[in-house]
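Everything below concerns the one structure shown next.
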Amino acid sequence: MISAALSFGSFTLVPAERLLLVGDQRLRIGSRALDILIVLVSRAGEVISKDELVSLVWRNTFVEENNLRVHIASLRKILGESSDAPQYISNVPGRGYCFVAAISHKTSPVTPDEQLTFGGKLPLPRLANRIIGREAMLDLLERQLPEQRLLTLVGPGGIGKTTVAIALADRLKDHYPGGIAFVDLAGISNGALLTAFIATKAGGVLTSSDPLAELARQLNHRSVLLVLDCCEHMIDEVAVVAETLIAETQQLTILATAGSRCAFRPNGFFACRRWIVQAPTK
Ligand SMILES: Nc1ncnc2c1ncn2[C@@H]1O[C@H](COP(=O)(O)OP(=O)(O)O)[C@@H](O)[C@H]1O
Ligand SMILES: [Mg+2]
């Protein structure tokens, strides 16, 4: 379930707001430590390997394992536990970390719309330059995307796929009252984590053992635009996730970008809904 607030012990975690509270008091917590906590809590009971945690939290930055240990230690300090007798974060030797405390989902009267905060809190990345020569393409895509619900912008690196995706998402803001989630996939290399990564980066928390089905359920009947940028290195995995989400939801729309040389699934509808991006004409 994607929930607004998750409680354990005397703590409350509100992932979408990046808030950790004790009682009603906000705790100071570093951004990485908070990311680690969100990943662990969202998959409570599951042992998450150190490599997985590092790749989810640090994305494409190289970090030493020691760095993770330092952040876990600071997290433990904030939660007031010792590594000898952990109440919350258990270190499973040779395997990874596991959140072991019972979690309750706040049942305060949150409306369904408040439960899911996809995209709502994430601003679109800023465009570095004024866009040149994409008016006609943007006009066409602005009409096509909501109709087709799944489009992939394909073209060589540097041609302007990300730029067009951001500009298009910005134009379509009012079309998606459920929010726009821009997720850069460049930082993830493990396809098995793709669904959790998308949910986490978009401000959601998945707690079921079938994250893809859960994500689809939660997104169903919500008018959300999900932008998946830089899919080339895991296009097969993205295709499965994107096609499943589109098939199992009513209103979700997905805009993906991928480099030209990536292989597409010959029969998936991911393959036939692509748009070749060429150099702008003026
Ligand atoms: N139409 C455009 N007008 C102005 N600058 C652009 C345009 N398209 C791309 N750029 C610039 O070119 C660079 C590469 O664009 P980007 O969208 O990141 O390409 P891609 O995602 O295809 O690799 C960026 O610095 C971007 O700001
Ligand atoms: Mg790009």
Expected sort for 180-188, 214-222, 249-257 on mean C-beta neighbours within 10 Å, highest first, is 249-257, 180-188, 214-222
Normalised Cα Rg of segment 6-105, dividing by 2.2 N^0.38 Å with N its residue count, works out at 1.00
If R0 = 35 Å, then ASP139 and ARG217, at their Cβ-Cβ distance, give a FRET efficiency to the nearest 0.05 of 0.55
Whole-Hz Karplus couplings 3J(HN,Hα) for segment 83-92, θ = phi - 60° and coefficients 6.51, -1.76, 1.60, Gly and Pro as x, run 5, 6, 9, x, 8, 10, 10, 9, 9, 9
Under the 7 Å Cα-to-Cβ spin-label approximation, ILE131 and HIS233 lie apart by a distance in nanometres of 2.6
Ignoring ligands and nucleic acids, GLU65 exposes an accessible area, probe 1.4 Å, in Å² to the nearest 10, of 90
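The values are calculated or read from the model by the stated rules, or taken from the named source; none is laboratory data. Small disclaimer: the values here were computed from a predicted structure and weren't measured. All Cβ positions, glycine included, derive from the backbone under ideal geometry; neighbour counts span all protein chains shown. In case anyone asks, the SASA skips ligands and DNA or RNA and just uses the protein heavy atoms, side chains included. Shrake-Rupley method; radii C 1.70, N 1.55, O 1.52, S 1.80 Å.
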